[in-house]
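The values are calculated or read from the model by the stated rules, or taken from the named source; none is laboratory data. Computed from a prediction, not measured in an experiment: that's the story for all the values here. Quick reminder, even Gly has a Cβ in these numbers, built from the backbone with ideal geometry, and neighbours come from all protein chains shown.
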Amino acid sequence: MLTKYAFFAGTLKPDCEEGMRDFIDRKLAPLWQQFQPSQEVRILYGLEQEPNGPTIPLVLAVIYENEEAMALAMNSDARHEARKILPELYEQFFEEINLWHYVFEHA
């Protein structure tokens, strides 16, 4: 099993957290749920941060059975549609943003 993480690191605009969550629920979550053949999709919102670490208000974690399943999802129409929406998310809710992707293998 593999988990692909997307870390949305950056600073949210003031008083935008609730709006960001609503935007994700309405526009991105339905697409992220279509990253098939995923085993599970989790959307995580940051509550506590390391004082000296980066601010990460949002993490997307998608679990796949194997690399082939992940490759299928990365080439899906839903992923391409979600990527088109990301600039809107960034412009509306983030003062600054870095998006980092990491893949981890389950022990």
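Quick one: which residue in 30, 51 is at pLDDT below 95, of a type outside the set (D, E, K, R) and either surrounded by 15 or more Cβ atoms within 10 Å (Cβ to Cβ) or farther than 23 Å from residue 66 by Cβ (or both)?
Among 30, 51, only 51 is at pLDDT below 95, of a type outside the set (D, E, K, R) and either surrounded by 15 or more Cβ atoms within 10 Å (Cβ to Cβ) or farther than 23 Å from residue 66 by Cβ (or both).
Which condition number does residue 45 fail, the rest of (1) under 15 Å from residue 103 (Cβ atoms); (2) of a type in the set (Ser, Thr, Tyr); (3) surrounded by fewer than 17 Cβ atoms within 10 Å (Cβ to Cβ); (4) touching a helix residue (DSSP H, G or I) at 6+ places or on another chain (Cβ under 7 Å) being met?
(1)
Let me spell it out: the conditions are (1) under 15 Å from residue 1 (Cβ atoms); (2) surrounded by 15 or more Cβ atoms within 10 Å (Cβ to Cβ); (3) polar (S, T, N, Q), and residue 76 meets all of them except one. Which number is the exception?
Among (1) under 15 Å from residue 1 (Cβ atoms); (2) surrounded by 15 or more Cβ atoms within 10 Å (Cβ to Cβ); (3) polar (S, T, N, Q), the lone unmet condition for residue 76 is (1).
One residue is enough: does the range 12-35 have a residue meeting the conditions in contact with a Lys or Arg (Cβ under 9 Å, 6 or more places away or on another chain) and either among the acidic types (Asp, Glu) or farther than 22 Å from residue 92 by Cβ (or both)?
yes
Can you tell me which residues in the range 50-107 are touching a residue at least 60 places away in the same chain (Cβ under 8 Å), in a strand (DSSP E or B) and among the hydrophobic types (A, V, I, L, M, F, W, C)?
Listed by number, the residues that qualify are 63, 94, 97, 99, 100, 103, 104.
Here is a list of conditions, (1) surrounded by 16 or more Cβ atoms within 10 Å (Cβ to Cβ); (2) in contact with a His (Cβ under 9 Å, 6 or more places away or on another chain), and residue 35 meets all of them except one; can you say which number that is?
Here residue 35 clears every test but (2).
Scan the range 1-33 residue by residue and report those that are touching a Ser or Thr at 6+ places or on another chain (Cβ under 7 Å) and either of a type in the set (A, V, I, L, M) or assigned to a loop (DSSP other than H, G, I, E, B) (or both).
Matches in the range 1-33: 9 only.
Please enumerate the residues belonging to the range 4-47 that are more than 12 Å from the chain's Cα centre (by Cα) and among the hydroxyl-bearing types (Ser, Thr, Tyr).
Result: 11, 38.
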